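Structure record follows, encoded as structure tokens.
The values are calculated or read from the model by the stated rules, or taken from the named source; none is laboratory data. Not measured: the values here are computed from a predicted model. Reconstructed Cβ throughout: ideal geometry from the backbone, glycine too, with neighbour counts over all protein chains shown. These area figures cover heavy atoms from the full protein model, side chains too; ligands, DNA and RNA do not enter into them. Shrake-Rupley method; radii C 1.70, N 1.55, O 1.52, S 1.80 Å.
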Amino acid sequence: MMSGLPVPSSRTKDGAIYLDNAATSWPKPPGVAAAIVQFLEQSAANPGRSGHRMSVEAARMVYQAREEIASLFGAPDPLRVIFGQNITDAINLVLHGFLHPGDHVVTSSMEHNAVMRPLRVLESKGVSVTCVPCSPDGRLDPQQIEDAIQPKTRLIVLTHASNVCGTMLPIRLAGEIAHRHQIYLLVDAAQTAGVFPIHMEQDSIDFLAFTGHKSLYGPTGTGGLVLGTRVDHELLAPIRQGGTGSRSEHETQPGFLPDRYESGTPNSVGLAGLLAAIRWISSMGVEAIRSHEVNLCNRLLVGLAEIPGITIYGTQSASQQTATIGFNIRGVSPSTAALQLDEEFGILCRVGLHCAPAAHHTIGTFPEGCIRFGLGVFNTMDDIDQALFAIRQIAREVQ
Amino acid sequence: MNASHAVILVDSTSHALRIEKLFQASGLACKLIPVPRHLSSDCGVCVRCNSTDLPLIHQVLDDARAPYHSIEIL
Ligand SMILES: Cc1ncc(COP(=O)(O)O)c(C=O)c1O
């Protein structure tokens, strides 16, 4: 897909094939590492704390990252982009800062623990939670979301796509439902930001949480939350307080955006990399990235389906899922398969429960979990063929 | 030449950078400078422009509904 550009290799130094992009994408696009080094060497002063030119330059880079995020997600105001460590940070901010005892939340049975664990804590404090069951292939019927809404419901929380089997959830329909009932929608876009078009206005998303190190192809330690135009930030309490470089004469937390939620020096070095990554995504085009991943996913799905003893989870249709494929080999535990894949075949993937016990209950793989191949934009058809060869060998040994 | 400056005070560096972008897009000359000590005890930056540009400054800020604290003439 990337003719003319130097394409980073999906092979590690020792020749292993990286298929763990759903955990953290690797390699990073050309220019990301260079942007980090350049920022560190030339302008890595404290952004926005001091007034000197280097501090301003650092703050300018952070602001550009806000602009790129806003424009990628169809959000009109860069000041409503709030940076944090990762998506877990962002989800915690919304759940703990927006919900009060007595409130009711609707979520799905495909969520990551980044959603479920804060919700379980909130439950113990008087927030009630309805977890709408998804079908065994991970699909969510939007009617069930609507049926779960109660007079006290304030928020719908949904992952955009499962991190276990790639199934997409109907977030646009959920947004319409939320707005019809005058409640709010929080979307966990960990697996989709950068690969699927997301438009906060058109998709009726009130809170969009993202992480930099997965499908946005940036470094770890970056992520954040974008507030939709309907959200009155007075209703979202900051969950941390501290220095912001603004209003330093006051010992109370500032109320304006984004400082209200951004206490402490941000990961500007990481954001320099994220900025370069998003610019690369924009230059390639989200659709082109997606279409390459669909081709890879399709080849893998078709190939796996031909191997005796393989169970594939999810929709088994490349056009209806992300390029993350969950499967099992009959007679082989996921952990045994992982070791063999790594040591004998040089294939790096993630097995087990993927921080999403609810999702594994839903697809019927709890507690053993499954093997997950997380494909990325730098994988090649040859990577897929090698992976299929390995799975064929492992499956043959036990049949 | 002793042209006076208009200084736009803002709550946050992010707000100053937003204004810088808006002004650049409108062809307004500006510079981010540390907030002059006598204007505020704060540690951040503000946006300095030529005071002759005040009408356009107001227009651009109002059109974009860009948050700012106040405009001072130096
Ligand atoms: C759907 C989903 N949500 C949340 C997370 C948490 O991401 P992070 O560790 O970057 O906060 C992940 C990845 O681990 C994920 O796949």
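Some points to look at:
- For the stretch A:81-104, the count of residues that are open to solvent by less than 10 Å² (accessible area, probe 1.4 Å), more than 9 Å from the ligand (Cβ to nearest atom) and within 14 Å of another protein chain (Cβ to nearest Cβ) is at least one.
- Some residue of the stretch A:209-216 being more than 26 Å from A:A23 (Cα to Cα) and in the same structural domain as A:H100 (by TED's automatic domain parsing): no
- For the stretch B:1-57, filtering for residues that are in a loop (DSSP other than H, G, I, E, B), over 15 Å from A:S248 (Cβ atoms) and more than 11 Å from chain A (Cβ to nearest Cβ) leaves 9.
- Number of residues in the stretch A:140-160 that are within 16 Å of the ligand (Cβ to nearest atom) and in contact with a Gly (Cβ under 9 Å, 6 or more places away or on another chain): the value is 1.
- Among the residues of the stretch A:216-249, those that are part of a strand (DSSP E or B) and among the small types (G, A, S) comprise A:G223, A:G224.
- Meeting the requirement of 3 or more residues that are within 30 Å of A:H199 (Cβ to Cβ) and not basic (K, R), the strands (runs of 3 or more DSSP E) wholly within the stretch A:280-380 are A:324-329.
- Matching residues, the stretch A:222-233, being more than 14 Å from chain B (Cβ to nearest Cβ) and within 14 Å of the ligand (Cβ to nearest atom): A:T222, A:G223, A:L225
- Each residue in the stretch A:68-123 was checked for being in contact with a Phe, Trp or Tyr (Cβ under 6 Å, 6 or more places away or on another chain) and assigned to a loop (DSSP other than H, G, I, E, B), and 0 pass.
- Given (1) closer than 24 Å to A:R230 by Cα; (2) away from the ligand (no atom under 13 Å from the Cβ); (3) part of a helix (DSSP H, G or I), number of the condition A:T130 does not satisfy: (3)
- When residues of the stretch A:19-48 are limited to those that are buried (at least 19 other Cβ atoms within 10 Å of the Cβ) and closer than 26 Å to B:V45 by Cβ, the one farthest from the other protein chains (Cβ to nearest Cβ): A:I36
- Selection within the stretch A:207-221 - near the ligand (Cβ under 9 Å from one of its atoms) and of a type in the set (S, T, Y): A:T211, A:T220
- Test for A:P170: is it more than 14 Å from chain B (Cβ to nearest Cβ), within 16 Å of the ligand (Cβ to nearest atom), in contact (Cβ under 8 Å) with a residue 12 or more places away in the chain and surrounded by fewer than 21 Cβ atoms within 10 Å (Cβ to Cβ): yes
- Filter result for A:T252 (within 14 Å of chain B (Cβ to nearest Cβ), exposed (fewer than 15 other Cβ atoms within 10 Å of the Cβ), modelled with pLDDT of 95 or more and not in a helix (DSSP H, G or I)): no
- Figure legend. Inter-residue proximity from the stretch A:199-219: first residues polar (S, T, N, Q), second residues within 14 Å of the ligand (Cβ to nearest atom), beta-carbon distance below 6 Å, spacing 6+ or different chains. Indicated pairs: A:T211/A:N86; A:T211/A:I87; A:T211/A:A190; A:T211/A:G223; A:S215/A:A193; A:S215/A:G194; A:S215/A:V195.
- The numbered conditions (1) out of contact with any helix residue (DSSP H, G or I) (no Cβ under 7 Å at 6 or more places or on another chain); (2) more than 14 Å from B:L17 (Cα to Cα); (3) more than 16 Å from the ligand (Cβ to nearest atom) are all true for A:L72 except (1).
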